[in-house]
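The values are calculated or read from the model by the stated rules, or taken from the named source; none is laboratory data. Small disclaimer: the values here were computed from a predicted structure and weren't measured. Virtual Cβ from ideal backbone geometry, glycine too; neighbours counted across all protein chains shown. Note: accessible area is taken over every heavy atom of the protein model, side chains too, but ligands, DNA and RNA are not part of it. Shrake-Rupley method; radii C 1.70, N 1.55, O 1.52, S 1.80 Å.
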Amino acid sequence: MDAVAALPALELPARRAAVRPVTTEPAWVRRTLIALALAFFGLFLLLPLLAVFVEALRKGWAVYLAALVEPDALAALKLTLLAAAIAVPLNLVFGVAAAWAIAKFSFRGKALLLTLIDLPFSVSPVVAGLGLVLLFGGSGWFGAWLAAHEVKILFAVPGIVLATVFVTFPFVARELVPLMQAQGREEEEAAVVLGASGWRTFWHVTLPNVKWGLLYGVILTNARAMGEFGAVSVVSGHIRGQTTTLPLHVEILYNEYQFSAAFAVASLLALLALVTLVVKHAIERRGDFAALRRGSRT
Amino acid sequence: MSIEVRHICKRFGAFTALDDVSLAFPDGELVALLGPSGCGKTTLLRVIAGLEQSDSGQVLFDGEDASDTHVRERRVGFVFQHYALFRHMSVFDNVAFGLRMKPRRERPSEAEIRRRVMALLELVQLDWLADRFPSQLSGGQRQRIALARALAVEPKVLLLDEPFGALDAKVRKELRRWLRRLHDELHVTSIFVTHDQEEALEVADRVVLMHRGRVEQVGSPEEVYHHPATPFVYDFLGSVNRFEGRVEESGVRVGEALLLHEAPLPAGEAVIAFARPFELDIVPAESDRGVPARVARILAFGASARVELDGEGEPARRFEVELPRERCTALGLTPGQPVRLVPARLRVFAVE
């Protein structure tokens with residue numbers, strides 16, 4: 001009985017330490033900060049997203065589904081997926097090559113290349129679109145030549161793909177450069193001394209070390225490729241069923257006062273984004289888990 | 001395999017890392033490249049490995065010019081300062097890497113690889129760690145795995161860059177004895193880089209002292225320690241006491257005092273004279289010999305006592321004397337007491 005009676009007395013100091021550890025801020029500070037963050041999150045992120053789904057379903061499931069299976073919407077979905085399917089692998093290869101070059105070698109113009117990679121981030125997508133128009137438009141630099149050879153870039157699928165590639169250019173490289181720089185060159189040097197060829201060094205040593213960062217970069221690239229509006233809007237020409245991507249299709253429907261249909265397609269876009277985020281989250285957890293597993297098995 | 005480097009020069013921008021270095025490393029020896037940081041020792045090691053291209057000069061393996069041989073074909077084992085283990089691979093896969101990277105016709109079977117990797121892990125006494133990842137190992141274990149990985153491809157030379165640099169003092173001592181024993185077993189020509197003179201003197205067959213991209217002296221540990229060729233070598237290989245003076249007929253005149261020494265230099269020449277702490281004796285201030293100094297601190301633990309002294313003049317020169325504890329007690333030294341220092345042995349260099 002004595003031992004049982006002594007127990008709460010022993011626990012008390014521990015519990016008090018948990019309530020007010022010396023290193024944390026007072027409770028009201030913590031609560032205010034959390035409340036602020038949550039309120040902001042709810043008001044500016046969650047509420048609009050919720051509104052999209054509510055509006056989309058306002059006239060019922062039948063109207064919602066009809067808007068999605070309508071031929072123009074399906075064509076827009078196809079085009080969006082196509083643009084992403086081309087932009088993502090292209091920028092994956094480019095991003096890895098650029099990050100490799102920047103992180104592992106020193107050469108003239110390295111700082112310039114690093115700055116150029118950020119260009120699509122700093123330039124407005126509309127400007128990027130206009131740039132393409134100036135190059136490939138009817139009165140553009142290559143316009144006459146393209147017209148003579150009957151190649152259509154502007155107001156056609158190639159233009160949309162080009163614009164998408166441009167705006168999603170930096171994601172993979174940006175993700176990899178700091179990671180590769182932090183890891184240094186020693187492991188690669190060790191591999192080469194052990195007789196590995198350049199390609200096998202890359203495949204067996206460099207790539208496994210950056211795979212989680214790489215996947216993360218790909219996911220961000222994909223999210224942006226599917227959601228891009230500005231640059232694509234300039235070069236698309238808005239030909240329904242032919243050169244409209246999902247974001248453009250939403251705009252067209254909205255401008256035609258077909259609110260339910262517009263919100264339905266928008267919700268599809270939002271769902272694609274949510275799927276991307278879920279995949280990203282799963283990958284991050286696996287990355288953490290793998291690191292944890294390696295770190296803790298002592 | 002013997003290694004020779006001839007007239008190697010290497011610059012990084014305005015910095016000269018190696019300035020016309022020529023050296024020969026005989027077959028089967030364990031050689032230390034010793035020098036302060038920035039002296040070019042690591043660069044020389046990397047040039048020999050082929051990880052760095054020299055601006056001019058040649059690297060010869062067994063008398064054959066290997067300067068244009070790619071690092072992949074040089075068959076060197078390289079142990080990096082921070083080990084550079086592949087962090088996503090298990091210890092086993094790390095050691096097996098070199099064997100698996102061999103061209104298909106030279107590659108051993110997976111069973112043979114397994115046998116050889118386990119034999120190497122036994123050699124470095126870590127076979128029980130085969131399934132671990134590098135992040136789960138201690139520094140000393142990582143170092144030994146890095147060594148096993150380098151040995152897996154049966155290198156003709158083994159190059160180690162500051163092999164014990166990142167380890168704590170105790171592990172360091174153990175590992176360097178272990179490396180010496182390992183070398184006696186394998187007899188593969190080995191070169192290791194270090195800035196720790198104790199390490200170099202204890203482990204190596206021969207020591208190469210480097211300073212500002214040049215070779216200062218090459219010799220056995222005894223040779224370089226007892227017969228240093230330059231003031232730098234003398235200074236670098238342990239604590240020293242330094243006297244500045246002028247050569248006279250029967251010794252070196254330092255201030256008022258005359259230190260007896262058979263100087264091989266002409267009288268009148270300005271010189272720097274060195275004596276190790278154990279080569280100095282302390283005599284009472286009334287004595288007519290020796291350089292005046294004042295006791296600053298007495299550290300008496302162990303078999304010998306260490307006495308720190310301040311010399312005369314501004315800024316005061318510091319001296320350090322090591323003498324048997326009994327002698328220290330007999331002298332009855334106290335801090336602040338004036339005494340005189342008499343060197344039993346001096347090493348005299350002309351002022352450059």
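Could you check, for region B:105-115, whether at least one of its residues is farther than 24 Å from A:A190 by Cβ, open to solvent by 10 Å² or more (accessible area, probe 1.4 Å), of a type outside the set (V, I, T) and part of a helix (DSSP H, G or I)?
Within region B:105-115 (the criterion being farther than 24 Å from A:A190 by Cβ, open to solvent by 10 Å² or more (accessible area, probe 1.4 Å), of a type outside the set (V, I, T) and part of a helix (DSSP H, G or I)), the answer is yes, since at least one residue qualifies.
Scan region A:252-272 residue by residue and report those that are surrounded by fewer than 17 Cβ atoms within 10 Å (Cβ to Cβ) and either assigned to a helix (DSSP H, G or I) or not aromatic (F, W, Y) (or both).
The answer is A:Y254, A:N255, A:E256, A:Q258, A:F259, A:L271.
Out of the residues in region B:173-215 meeting the condition of being assigned to a helix (DSSP H, G or I) and of a type in the set (K, R), tell me which one is surrounded by the most Cβ atoms within 10 Å (Cβ to Cβ).
If we take residues in region B:173-215 being assigned to a helix (DSSP H, G or I) and of a type in the set (K, R), then B:R176 is surrounded by the most Cβ atoms within 10 Å (Cβ to Cβ).
Can you tell which of A:L154, A:L179, A:L214, A:L146 is open to solvent by 10 Å² or more (accessible area, probe 1.4 Å), at pLDDT 90 or above and farther than 23 Å from A:A273 by Cβ?
On inspection, the qualifying residue turns out to be A:L179.
I'd like to know if region B:136-149 contains one or more residues that are open to solvent by less than 50 Å² (accessible area, probe 1.4 Å), closer than 20 Å to B:A49 by Cα and assigned to a strand (DSSP E or B).
no
Is it true that some residue in region B:54-68 is within 14 Å of chain A (Cβ to nearest Cβ), open to solvent by 50 Å² or more (accessible area, probe 1.4 Å) and more than 19 Å from the chain's Cα centre (by Cα)?
No.
Wholly within region A:36-150, which helices (runs of 4 or more DSSP H) include no fewer than the required count, namely at least 2 residues that are without any contact (Cβ under 8 Å) to a residue 60 or more places away in the chain and more than 20 Å from A:L269 (Cβ to Cβ)?
By residue number, A:60-69, A:71-104, A:110-117, A:119-122, A:125-136, A:143-148.
When you go through A:V192, A:V165, A:V205 one by one, which is the residue that is within 14 Å of chain B (Cβ to nearest Cβ), modelled with pLDDT of 90 or more, part of a helix (DSSP H, G or I) and open to solvent by 20 Å² or more (accessible area, probe 1.4 Å)?
Result: A:V192 is the single residue among A:V192, A:V165, A:V205 that is within 14 Å of chain B (Cβ to nearest Cβ), modelled with pLDDT of 90 or more, part of a helix (DSSP H, G or I) and open to solvent by 20 Å² or more (accessible area, probe 1.4 Å).
When region B:159-172 is examined, which residues are found to be of a type outside the set (G, A, S) and either within 11 Å of chain A (Cβ to nearest Cβ) or in a loop (DSSP other than H, G, I, E, B) (or both)?
Within region B:159-172, B:L159, B:D161, B:E162, B:P163, B:F164, B:L167, B:D168 meet the criteria.
The conditions are (1) charged (D, E, K, R); (2) under 20 Å from B:E162 (Cβ atoms); (3) more than 10 Å from chain A (Cβ to nearest Cβ), and B:R149 fails exactly one of them. Which is it?
Condition (3) is where B:R149 drops out.
Residue-wise test of (1) out of contact with any helix residue (DSSP H, G or I) (no Cβ under 6 Å at 6 or more places or on another chain); (2) over 16 Å from B:D161 (Cβ atoms).
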| residue | (1), (2) |
| --- | --- |
| B:H7 | yes, yes |
| B:D20 | yes, yes |
| B:G28 | yes, yes |
| B:L34 | no, no |
| B:S37 | yes, no |
| B:R46 | yes, no |
| B:G57 | yes, yes |
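For B:R132, which of the numbered conditions (1) free of Cβ contacts under 8 Å to residues at least 12 places away in the same chain; (2) within 14 Å of another protein chain (Cβ to nearest Cβ) fails to hold?
So B:R132 meets the others, but not (1).
Which numbered condition in (1) within 22 Å of the chain's Cα centre (by Cα); (2) surrounded by 15 or more Cβ atoms within 10 Å (Cβ to Cβ) is the only one that B:F92 fails?
Of everything listed in (1) within 22 Å of the chain's Cα centre (by Cα); (2) surrounded by 15 or more Cβ atoms within 10 Å (Cβ to Cβ), B:F92 misses just condition (1).
Mind listing just one residue for me: the one in region B:75-94 that is outside any loop (DSSP other than H, G, I, E, B) and touching a Pro at 6+ places or on another chain (Cβ under 9 Å) and, of those, nearest to the other protein chains (Cβ to nearest Cβ)?
Going through the qualifying residues, I end up with B:F78.
Taking A:R285 and the conditions (1) modelled with pLDDT of 85 or more; (2) surrounded by fewer than 18 Cβ atoms within 10 Å (Cβ to Cβ), which numbered condition does it fall short on, given that it satisfies the others?
Exception for A:R285: condition (1).
Given the residues B:A14, B:A32, which is the only one that is small (G, A, S) and open to solvent by 60 Å² or more (accessible area, probe 1.4 Å)?
B:A14
Hey, could you check region B:124-135 for residues that are touching a helix residue (DSSP H, G or I) at 6+ places or on another chain (Cβ under 7 Å) and closer than 22 Å to B:G165 by Cα and say which is most open to solvent (accessible area, probe 1.4 Å)?
Ranking the candidates gives B:S135 first.
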